[in-house]
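One structure is given below, encoded as structure tokens.
The values are calculated or read from the model by the stated rules, or taken from the named source; none is laboratory data. None of the values given here were measured: they were computed from a predicted structure. Glycine gets a Cβ as well: all are built from the backbone with ideal geometry, and neighbour counts include every protein chain shown. Accessible surface areas use protein heavy atoms only, side chains included; no ligands, DNA or RNA. Shrake-Rupley method; radii C 1.70, N 1.55, O 1.52, S 1.80 Å.
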Amino acid sequence: MRYESADGGVRRDTVLAWPSGGPEQDVAVLARAVGELTGAGRGPAGVRAAGLALPASVRDGRVTAWPSRPSWTGLDLDAVLERVLPGVPTAREDDGSAAALAEAAAANCPDLVFLGLGTGVGGGLGLGGRLP
């Protein structure tokens, strides 16, 4: 996770260690990390927007599949994000698609196919610097 202040002056990173429990424990870890990044005790105050890249399939705000976190299947992700980041506009995207856009921007190549190898094989496509 990364937090950058609006003026670009404050930048913090943290790595999440997911517990072996279910989604409630995962969400508690996520909420703590958001609090640490944005300043202890302040919560998401000052966060203007958040983006989330994840390897899960999401339909109508609900996780429909997540191979490495099957306990999240059926979870109302939109409600979780509202609880962790109340009032903060959030956007979410498949991690392969987000990686394709990031790689295209870094390579200054607006048309790019990205293949990622991790717990499985994923990827994304950027055309004209956007997702198709």
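Listed by first and then second residue, the pairs linking a residue in segment 15-27 that is small (G, A, S) to a residue that is surrounded by 11 or more Cβ atoms within 10 Å (Cβ to Cβ), with Cβ atoms under 8 Å apart and 6 or more places separating them unless they lie on different chains, are A17/V29; G22/S71.
The residue that is least open to solvent (accessible area, probe 1.4 Å), among those in segment 1-30 that are at pLDDT 85 or above and more than 13 Å from the chain's Cα centre (by Cα), is D26.
All conditions but one from (1) open to solvent by 70 Å² or more (accessible area, probe 1.4 Å); (2) closer than 19 Å to M1 by Cα apply to L101; the one that does not is (1).
The single residue among P132, P110, P67 that is part of a loop (DSSP other than H, G, I, E, B), open to solvent by 60 Å² or more (accessible area, probe 1.4 Å) and within 20 Å of Q25 (Cα to Cα) turns out to be P67. Scanning segment 44-64 for residues that are in a loop (DSSP other than H, G, I, E, B), open to solvent by 60 Å² or more (accessible area, probe 1.4 Å) and small (G, A, S) returns A45, G46, A49.
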